[in-house]
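For reference, the structure is listed below as structure tokens.
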Amino acid sequence: MCRRPDLPDRRVHRSLRALHCPTRWKIIRCIGEGERSTKEIFEELGLRKEISLAGLYYHISALKEAEIVELAGYREEKAGAPEKVWRLKTRRIVIDLLEE
């Protein structure tokens with residue numbers, strides 16, 4: 001007997017939600033194997049015409065919640081608050097369609 005189809009586990013669901021947006025894929029590729037500050041991501045992707053810096057934080061937050069990126073640390077700036085530095089937390093997401 002087949003059981004009622006439920007949503008995938010929370011991690012898979014968060015990952016799928018986080019990856020639906022092309023901007024988030026750009027962020028992932030920008031960070032790559034290294035680490036990038038929020039400002040570096042914003043400037044390297046040339047996002048000024050697409051989204052604000054606050055919009056970038058929104059997308060990074062969704063990737064962080066899905067455990068795709070993580071905070072690597074802070075970079076001290078000459079003036080102002082320290083800047084957050086990001087890195088990939090995972091390179092691969094595996095979905096077992098039969099796992100409960």
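Any read-out appearing in this document is the output of simple, stated calculations on the displayed coordinates, not a laboratory observation. This structure is a prediction, so every number in the text was calculated from the model and none was measured. FYI the Cβ positions are ideal-geometry reconstructions off the backbone, even for glycines, and counts take in every protein chain you see.
Descriptive notes on the structure:
- Short-range pairs are left out: with C-alpha atoms under 8 Å and at least six residues apart, the relative contact order of the chain is 30 percent.
- For Cα Rg over 2.2 N^0.38 Å, the value computed from the atomic coordinates appears in the list (i) 1.06; (ii) 1.14; (iii) 1.27 under label (iii).
- Phi-based couplings in Hz for region 52-62 (Karplus 6.51, -1.76, 1.60; Gly and Pro marked x): 7, 4, 5, x, 5, 4, 4, 5, 5, 4, 5
- Loop-resident GluC sites (Glu not before Pro) (DSSP state other than H, G, I, E or B) in region 20-88 with no more than 13 further Cβ atoms inside 10 Å of their Cβ: Glu33, Glu50, Glu76, Glu77.
- Put a plus charge on the Cβ of each Lys and Arg, a minus charge on the Cβ of each Asp and Glu, and nothing anywhere else: the dipole of the chain about its Cα centre is then about 220 debye.
- C-alpha long axis of helix 22-31 to longest principal axis of the chain, angle in °: 60 degrees
- Cross-link reach list, lysines versus Lys26, counting only Cα pairs under 20 Å and skipping chain neighbours closer than eight places: Lys39, Lys49, Lys64, Lys84, Lys89
- Residue of Arg24, Arg87, Arg48 that the Gaussian network model of the chain assigns the largest fluctuation, springs spanning Cα pairs under 10 Å: Arg48
- Rounded to the nearest 0.05, the FRET efficiency derived from the C-beta distance between Glu83 and Glu33 at R0 = 30 Å is 0.90.
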